[in-house]
Amino acid sequence: MKVVFHPRYHEVYASDPAAAPGRLEPAAALLAARFPFVEPYPAAEEDVLLVHTARHLTWVKQRPHTYELALLAAGGAITASQLAAQGEKAFGLIRPPGHHASPDSSWGFCWFNNVAIAVEKLRRGGAIARAIIIDIDLHYGDGTANIFARVPEVVYHHVKGMGRQDFLRDLEDFLSRQGDADLVAVSAGFDRHEHDWGRMLKTEDYRSVGQMVGAFAAAHCRGRVFAVLEGGYNSDTLGESALALLEGLEEE
Ligand SMILES: [Zn+2]
């Protein structure tokens, strides 16, 4: 397991909760004690254009600082996905998040759809054909769903449930219906934690999610799995939740 991280992710590029000062520092410190870190390069414009319109790219470019960080976040997802394609599990501790970024628009603290760009780059490059994107964020990743709405080779699933057991059962049911794929990507938002906006999952539930996804990837995707950060606004629980997910993924 490698963690993809860049010190510039600490920069405050906007005034939304995803860009809040100090949001990633505790998580970075916790994960650095456990996993090797890899520093990514920014994504290229042509990478962004794999899933976004030129109009949207130009719109984000009007905010130069946000634009730089959004390219670096997409680059972080690309690096994590490339590690996964090579058989090394990876987690992108990145911001800004991306799952609310559609081809021609974005909202919800998102600018470019990091996970979609990474998956599409692997697909266009021929490294993979079929991918499964599992979104465990509190919020539905409308951007990711829109981007792959007419792409049957990429399945998007937002895990939901009225309680902890319900949530884990939804994930289990979804995975039981899936056949083989070349890769699993996890849109890892931690805002469903009991001490975050969603007020539901315990830290140990993220370990269960990791175990289920890791076991599925081992059985159906040659172990190829990566995750990237989406939401998660309690900086005290973000790190332990991410650590639980990654340890679960490694256990298989
Ligand atoms: Zn969210």
Inset, instruction - Among what's in the stretch 138-156 and is within 16 Å of the ligand (Cβ to nearest atom) and within 24 Å of residue 16 (Cα to Cα), pick the residue that is surrounded by the fewest Cβ atoms within 10 Å (Cβ to Cβ). - result: 140
Inset, instruction - Please work out if residue 14 is surrounded by fewer than 19 Cβ atoms within 10 Å (Cβ to Cβ) and part of a loop (DSSP other than H, G, I, E, B). - result: yes
Legend entry - Scope the stretch 165-196; condition touching a Lys or Arg at 6+ places or on another chain (Cβ under 7 Å), open to solvent by 10 Å² or more (accessible area, probe 1.4 Å) and within 24 Å of residue 95 (Cβ to Cβ); matching residues: 194
Legend entry - Single match in 176, 187 (criterion: touching a Pro at 6+ places or on another chain (Cβ under 9 Å) and either under 18 Å from residue 140 (Cα atoms) or away from the ligand (no atom under 16 Å from the Cβ) (or both)): 187
Legend entry - Among the candidates 41, 67, residue that is part of a loop (DSSP other than H, G, I, E, B) and hydroxyl-bearing (Ser, Thr, Tyr): 41
Legend entry - Given (1) more than 14 Å from the chain's Cα centre (by Cα); (2) open to solvent by 50 Å² or more (accessible area, probe 1.4 Å), number of the condition residue 103 does not satisfy: (2)
Inset, instruction - Please indicate, with yes or no, whether at least one residue in the stretch 114-137 is within 16 Å of the ligand (Cβ to nearest atom), on the phi < 0 side of the Ramachandran plot and open to solvent by 30 Å² or more (accessible area, probe 1.4 Å). - result: no
Inset, instruction - Filter the stretch 197-236 down to residues that are open to solvent by 10 Å² or more (accessible area, probe 1.4 Å) and of a type outside the set (Lys, Arg), then give me how many there are. - result: 18
Inset, instruction - Starting from the stretch 225-236, keep only residues that are aromatic (Phe, Trp, Tyr) and at pLDDT 95 or above, then list their pairs with residues that are open to solvent by 10 Å² or more (accessible area, probe 1.4 Å) and within 8 Å of the ligand (Cβ to nearest atom) whose Cβ atoms are within a distance under 7 Å, requiring at least 6 positions of separation or different chains. - result: 233/197
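The values are calculated or read from the model by the stated rules, or taken from the named source; none is laboratory data. Here the structure is a predicted model, which means the values were calculated and not measured. Backbone-built Cβ (ideal geometry, glycine too); neighbour counts: all protein chains shown. Keep in mind that these areas ignore ligands, DNA and RNA; they rest on the heavy atoms of the full protein, side chains included. Shrake-Rupley method; radii C 1.70, N 1.55, O 1.52, S 1.80 Å.
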